[in-house]
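Have a look at the structure below, then the notes.
The values are calculated or read from the model by the stated rules, or taken from the named source; none is laboratory data. Since this is a predicted model, take the numbers as computed values, not measurements. Counting neighbours? That spans all protein chains shown, and the Cβs are built from the backbone with ideal geometry, glycine included.
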Amino acid sequence: MLIEIGHFALVLALVFAILLIVIPALGLYQNRPVLAQLSKPLVWGQCFWITISFFVLMGAFLTNDFSVKYVAENSNTQLPILYKASAVWGAHEGSLLLWVFVLSLWSIAVSIFSKQIPSNLLNLILTVLGVVSFGFLLFLLYTSNPFERLMIPPLEGRELNPLLQDFGLAVHPPMLYMGYVGLSVPFAFVISALIRGKLDSSWLRWTRPWTLISWAFLTVGIILGSWWAYYELGWGGWWFWDPVENASFMPWLVATALIHSLSVSEKRGAFRQWTVLLAIGGFSLSLLGTFLVRSGVLTSVHAFATDPARGLFILIFLFIVIGGSLALYAWRYNLLQKNNPVSLFSRETGLLVNNILLVTAMLSVLLGTLYPLILDTLNLGKISVGVPYFNAVFIPIILPAILVMVIVPFMRWKKDNLKRIASHLRLYWLGILALIIVARIIITDNVYVLVAIGLFIWMLVHVMVLLISRIRSKSIFSLAFFGMLIAHLGIAVFVLGAAVTTQLGIEKDIKMSVGESQNIAGYDFVFNGVSRHEKNNYKGFKGDLTVLKNNKEVVRLYPEKRQYQTGMPMTEAAIDPSISRDLYVALGESLGGGAWSVRIYYKPLVRWIWLGGLMIALGALFAAIDRRYFLRIKS
Amino acid sequence: MIFSWQMILMIVLSSIFLSWFLYRPIRVNLSDEDSNIRINRQRQNELDSDMSLGLIEESYYQEAEDEIIGTLASELKSIESNNLEIKPLVWSLIIALFIAILSLSLYSQLAPKAMSNSLDKSIEPLSLSESIETLKDNLIENPQDFSTWKMLGMAQVAMGNLDDSIDSFENAFEINPDDIDLLLQYSSAIAANQEGQFLGKPQDLIEKALAIDPQSIQVLYFAGIVSAHQADLDLAKEYWQKALYLMPDSHPDRSVIEEALETILNLQVK
């Protein structure tokens with residue numbers, strides 16, 4: 001009966017979504033504040049029922065209730081308890097329930113932390129979020145119901161995909177969804193402002209902190225996914241340009257453009273049309289990502305739905321959202337035209353250039369992701385767009401964006417001149433050039449790495465200079481400013497980590513017999529052999545390698561080769577992590593006579609990639625809690 | 001359809017919760033005008049701060065200040081309107097009725113009908129022939145229910161009605177042609193109907209299953225049988241050895257495959 005309560009709670013959540021669309025809208029239209037103010041309780045009630053539903057499903061996993069089809073297909077009695085809990089979102093239906101659960105949490109957050117937003121605007125924002133929630137609840141209940149039952153429950157369930165039997169599943173999807181779904185909040189702000197025809201200071205001011213928070217979550221989600229893939233897939237990569245990865249990266253690029261565009265619109269009242277389009281674009285891309293993953297058009301570890309009906313539903317929803325938003329945009333275009341003038345060389349223009357580069361970079365990723373799918377759909381042949389395309393197209397676009405990022409914080413609002421900037425920065429540039437020459441002599445002659453080192457030093461100097469000048473001016477300490485510095489430095493840390501690990505990393509795929517040793521980057525990897533290994537839900541082999549440096553033991557590594565109940569083989573890499581380098585070993589196949597194939601990687605600065613990502617997210621969070629979003633000024 | 005007291009309680013709770021806020025509405029935060037005045041004052045302060053930090057040139061300060069004042073002036077042109085009251089009791093009843101009718105009708109559409117039917121009856125297990133009838137009844141209501149077609153086919157095999165079971169499996173196959181379990185059951189039923197021969201359609205179905213999941217133990221076992229029927233003993237051996245490699249030691253079917261493998265090896269020796 002408990003399962004049916006969870007099911008009914010989901011139905012009630014759908015009913016609350018309908019009420020959320022109808023009643024506050026009626027209240028706003030007829031000027032009846034009591035009805036309009038009902039938006040908050042409706043959001044709370046909806047969240048309550050979705051929470052009940054979510055935890056009932058989790059309970060079904062934890063208690064091995066195989067009468068629920070979704071549980072029977074994705075869990076069994078031997079699965080460790082952590083993976084049973086995270087298996088809730090390990091496949092299509094549950095992950096969609098997580099989607100609506102996260103959306104309801106965002107709605108609650110908006111309703112609680114928006115005391116300074118005018119009530120009429122807030123009620124409409126919650127109504128727009130209700131429309132999004134309605135679409136997804138309908139999708140969930142009618143095409144992807146996680147509470148579907150089996151008439152004859154099996155005694156044992158199937159196995160969760162072994163790739164997903166990992167701590168990464170517990171944290172990566174919720175974080176990513178917080179970011180994905182979070183972009184519905186700036187979208188709701190923009191749509192509400194367009195519906196009301198009041199494109200004033202309020203929505204601009206309050207859209208920014210919500211965009212920053214969702215962007216921070218999206219960053220953490222992407223970073224966690226990259227880290228998970230790195231240690232779980234067993235071949236040491238951290239980004240694969242997989243279409244599903246791209247699906248999360250595209251909204252990230254647009255959201256990055258949006259937070260910068262918002263700062264101009266908010267402060268100087270310029271680029272409002274552009275800001276509105278970016279907010280619509282960000283959420284539309286997160287819906288596009290959902291379509292790509294759920295429709296079955298993609299084949300990857302993420303794409304667990306292969307039902308065309310589901311794809312069609314999301315496609316229709318996508319068209320309604322994008323088409324409706326753009327129609328609204330066209331209708332209100334006159335109101336958006338009023339912009340304060342901007343001169344050609346100013347901070348505003350610098351941020352606009354940065355925006356254009358980010359959006360162009362996003363379009364290059366979009367093209368590389370969709371082009372093979374479109375060709376395939378039209379039966380024009382199969383092509384594969386991979387790393388060479390993205391390296392050749394994406395990097396030349398994003399590099400100038402990073403350079404602009406370094407210069408713009410030194411530029412003035414309204415109008416500036418190149419001469420002032422050049423003279424202001426001349427000394428730093430000379431110093432940075434000198435350091436690059438030193439790096440060329442003592443570290444490497446690899447051009448990509450030298451560029452990354454130069455960029456990193458440049459950014460470090462820029463952060464120090466900005467910080468010192470702010471301290472000297474004795475002005476009020478601003479978290480937004482501090483956040484910007486951390487995030488920009490995070491980009492430089494990321495670029496340095498990515499360039500060094502890609503260019504200077506070493507990879508060896510070798511045959512090793514017991515007692516044999518292999519030297520890589522000054523480390524001796526001694527193969528001690530392989531033993532059998534068994535746990536509840538898998539059995540396999542465990543390798544044993546001793547790593548020595550200058551004949552002193554550094555670490556012992558135990559890579560594994562597992563065979564799960566489904567028969568799916570899995571490679572569990574053994575990693576010795578550190579801030580300067582990772583030593584990474586993956587066990588391959590037995591080659592007979594006690595010999596095994598072993599993959600050994602030396603990954604310098606690989607941790608900097610994720611450290612940079614975390615710094616970006618931290619910077620965004622600092623900016624989101626800046627005092628101006630909490631300041632109360634007596635009117 | 002079962003509507004339990006818990007569900008009624010959930011509807012009542014929802015209605016009371018919303019009615020509470022109709023009688024005691026949440027206070028309005030602030031008006032658009034107040035909000036815009038506050039924000040533009042903040043913008044003025046931020047402009048002063050930018051000026052002191054050298055982020056805006058002195059000659060443009062006045063222009064930027066004028067822009068803030070102009071923006072605020074345009075935002076304060078609002079239309080005054082009177083708020084209208086509502087009758088909380090009427091709205092409470094409307095909302096309660098709406099929740100009750102809509103949630104129960106949506107749930108009646110979505111709830112597991114087969115399960116509720118079986119719950120209505122006694123807990124006594126059904127006989128195989130009764131099960132077949134129940135499954136057929138369910139299929140009249142849900143002709144596109146893949147699981148029911150598959151189960152009907154399996155029940156008919158158990159009753160020895162091979163022709164009927166093949167028809168049922170064929171219906172299930174049309175709904176979902178990628179279910180491995182179905183492909184194996186279906187091919188076994190056809191093979192049984194053609195005196196144990198896996199040639200023709202059974203072979204195609206096994207090959208399809210193998211293409212979908214080349215690591216499945218059951219599929220490998222059946223693929224071995226198909227190869228053995230075609231006298232390709234090396235291939236049959238390869239499939240079964242792979243199945244044994246993938247199987248846990250405690251797997252109940254291990255002995256069956258080992259026996260089949262032994263037979264093949266004996267044949268090869270001869």
For residue A:38, the lone unmet condition from (1) in contact (Cβ under 8 Å) with a residue 24 or more places away in the chain; (2) within 8 Å of chain B (Cβ to nearest Cβ) is (1)
Residue hits (region A:551-572; touching a residue at least 60 places away in the same chain (Cβ under 8 Å) and more than 15 Å from residue A:533 (Cα to Cα)) are A:566, A:568
Reported set for region A:337-353 where residues are of a type in the set (S, T, N, Q) and away from every other protein chain (no Cβ under 12 Å) is A:337, A:349
Original post:
For residue A:400, are the conditions met, namely being under 23 Å from residue A:487 (Cβ atoms), within 14 Å of another protein chain (Cβ to nearest Cβ) and under 27 Å from the mean Cα position of the chain (by Cα)?
Top reply: no
Exercise. Would region A:261-275 turn up any residue that is at pLDDT below 95 and more than 21 Å from residue A:628 (Cβ to Cβ)?
Worked result: yes
Note to self: Looking at the structure I just gave you, is residue B:245 over 26 Å from the mean Cα position of the chain (by Cα), surrounded by 15 or more Cβ atoms within 10 Å (Cβ to Cβ) and within 14 Å of chain A (Cβ to nearest Cβ)?
What the structure shows: no
By residue number, the members of region A:103-131 that are in contact with a Leu (Cβ under 8 Å, 6 or more places away or on another chain) and under 18 Å from residue A:624 (Cα atoms) are A:106, A:107, A:110, A:111, A:114, A:116
Picked from region B:21-74 (must be of a type in the set (A, V, I, L, M, F, W, C) and not in a helix (DSSP H, G or I)), the residue farthest from residue A:420 (Cα to Cα) is B:26
query: Does any residue of region B:19-26 turn out to be touching a strand residue (DSSP E or B) at 6+ places or on another chain (Cβ under 8 Å) and either among the β-branched types (Val, Ile, Thr) or buried (at least 16 other Cβ atoms within 10 Å of the Cβ) (or both)?
result: no
- Item | Boolean, residue B:14 is in contact with a Gly (Cβ under 7 Å, 6 or more places away or on another chain) and either crowded, with 20+ Cβ neighbours inside 10 Å or outside any helix (DSSP H, G or I) (or both) | yes
message = Considering only region A:380-387, I want to know if a residue exists there that is outside any loop (DSSP other than H, G, I, E, B), buried (at least 18 other Cβ atoms within 10 Å of the Cβ), at negative phi and in contact with a helix residue (DSSP H, G or I) (Cβ under 8 Å, 6 or more places away or on another chain).
response = no
Checked B:13, B:53, B:72 against criteria (more than 7 Å from chain A (Cβ to nearest Cβ) and within 27 Å of residue A:346 (Cα to Cα)); the one match is B:72
By residue number, the members of region B:16-42 that are more than 7 Å from chain A (Cβ to nearest Cβ) and more than 35 Å from the chain's Cα centre (by Cα) are B:20, B:23, B:24, B:27, B:33
I'd like to know if region A:442-451 contains one or more residues that are hydroxyl-bearing (Ser, Thr, Tyr), within 14 Å of chain B (Cβ to nearest Cβ), surrounded by fewer than 22 Cβ atoms within 10 Å (Cβ to Cβ) and touching a residue at least 24 places away in the same chain (Cβ under 8 Å). no
Condition set under 17 Å from residue A:259 (Cβ atoms) and aliphatic (A, V, I, L, M), scope region A:194-212, selection nearest to the other protein chains (Cβ to nearest Cβ): answer is A:204
Notebook entry, point to check: Does any residue of region A:348-355 turn out to be in a helix (DSSP H, G or I), at pLDDT below 85 and surrounded by 13 or more Cβ atoms within 10 Å (Cβ to Cβ)?
Noted result: no
Residues in region B:156-170 that are more than 16 Å from residue B:202 (Cα to Cα) and either modelled with pLDDT of 85 or more or crowded, with 21+ Cβ neighbours inside 10 Å (or both) total 2
Across region B:208-233, the tally of residues that are free of Cβ contacts under 8 Å to residues at least 12 places away in the same chain and among the acidic types (Asp, Glu) stands at 1
Kindly establish whether residue A:242 is touching a Ser or Thr at 6+ places or on another chain (Cβ under 6 Å), over 16 Å from residue A:273 (Cα atoms) and at pLDDT below 90.
yes
Within region A:149-200, the residues that are surrounded by 23 or more Cβ atoms within 10 Å (Cβ to Cβ) and without any contact (Cβ under 8 Å) to a residue 40 or more places away in the chain are A:200
Can we say residue A:415 is at pLDDT below 85 and in contact with a Ser or Thr (Cβ under 8 Å, 6 or more places away or on another chain)?
yes
Only one of A:473, A:478, A:469 is touching a residue at least 24 places away in the same chain (Cβ under 8 Å), farther than 21 Å from residue A:576 by Cα and small (Gly, Ala, Ser), namely A:478
